[in-house]
Amino acid sequence: QVQLVESGGGSVQAGGGLRLSCKGSGTTVSRYCMAWFRQALGKEREGVAFISSSGGRTKYADSVKGRFTVSRDNAKNTLYLQMNSLKPEDTGMYYCVAQFHAYCSGTLSANEYPYWGQGTQVTVSS
């Protein structure tokens, strides 16, 4: 099974940047496609970015295209989310998620990912 731990969250002013990291346990993390989701207080969870197990394919929510970049370093069992030009509406709890490659749909639907981290808070002030 996969255990995920996020880090890198914090408070930043609008227009600034932040890089989130997600460390996965085990020796088979490279066999999992991964994604980032976020949830603001009182709001539904939203898919932010997806990356295939090899890192060769990515998908982003329209709201973050051009501003966020998802990447991974399988040798380090780590997933990243570089966030630039942050806006107040980017505020929320960010979660790292994973799914075994054989069952990856390549979508940003929360129900497609059985493994979730505990989340890291991102707060963007104006």
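Considering only protein heavy atoms and a probe of 1.4 Å, how much of the accessible area of segment 1-119 is carbon and sulfur, as a whole percent? Intermediate results must be reported in sequence, preceding the final value.
Numbers: 2770 of 6190 Å².
Summing carbon and sulfur atoms, their accessible area is 45 percent of the total for segment 1-119.
State the number of lysine pairs found in segment 22-126 whose Cα atoms come within less than 24 Å, restricting to pairs 8 or more positions apart or on distinct chains.
Summing the qualifying lysine pairs gives 9.
Hey, what did segment 64-126 get for relative contact order, percent, Cα under 8 Å, at least 6 apart? Kindly include the intermediate steps, with their values, before the conclusion.
Working: 72 pairs, mean separation 21.3, N = 63.
That works out to 34 percent.
Pull out the extension gain between residue 126 and residue 52, defined as 0.36 nm times the separation in residues minus the alpha carbon to alpha carbon distance; nm, one decimal.
Extra length available between residue 126 and residue 52 comes to 23.3 nm.
Trypsin sites (Lys or Arg not before Pro), restricted to segment 49-126: which are DSSP loop and have at most 12 other Cβ atoms within 10 Å?
Within segment 49-126, the qualifying trypsin sites (Lys or Arg not before Pro) (loop, at most 12 other Cβ atoms within 10 Å) are 57, 65.
Pairs of alpha-carbon atoms within less than 8 angstrom and 6+ residues apart define the contacts here; what relative contact order does the chain have, in percent?
36 percent
Count the net charge of all other residues whose Cβ sits under 15 Å from the Cβ of residue 116, scoring Lys and Arg as +1 and Asp and Glu as -1. The partial results should precede the final answer.
Values: positive: 23, 38, 45; negative: 6, 46, 112.
Residues near residue 116 contribute 0 overall.
Within 10 Å, count the other beta carbons around each residue, average over each peptide in 29-37, 94-102, and list them highest first.
Values: 29-37: 23.2, 94-102: 20.0.
Result, highest mean Cβ count within 10 Å first: 29-37, 94-102.
For the peptides 103-109, 40-46, 19-25, what is the packing order when you average, over each peptide's residues, the other Cβ atoms within 10 Å and list the highest mean first? List each step's numbers first, then the result.
Numbers: 103-109: 14.6, 40-46: 10.1, 19-25: 18.6.
Answer by packing, highest mean first, reads 19-25, 103-109, 40-46.
Express the accessible area of the chain per residue in Å², computed with a 1.4 Å probe while the remaining protein chains stay in the model.
Ligands and nucleic acids excluded, the figure is 52 Å² per residue.
Share of antiparallel DSSP beta bridges in the chain, in percent to the nearest 5?
That works out to approximately 90 percent antiparallel.
The values are calculated or read from the model by the stated rules, or taken from the named source; none is laboratory data. Keep in mind it's a predicted model, so treat the numbers as computed, not measured. Using ideal geometry, Cβ is built from the backbone for each residue, glycine included, and neighbour counts are taken over all protein chains shown. SASA here: full protein model, heavy atoms, side chains in, ligands and nucleic acids out. Shrake-Rupley method; radii C 1.70, N 1.55, O 1.52, S 1.80 Å.
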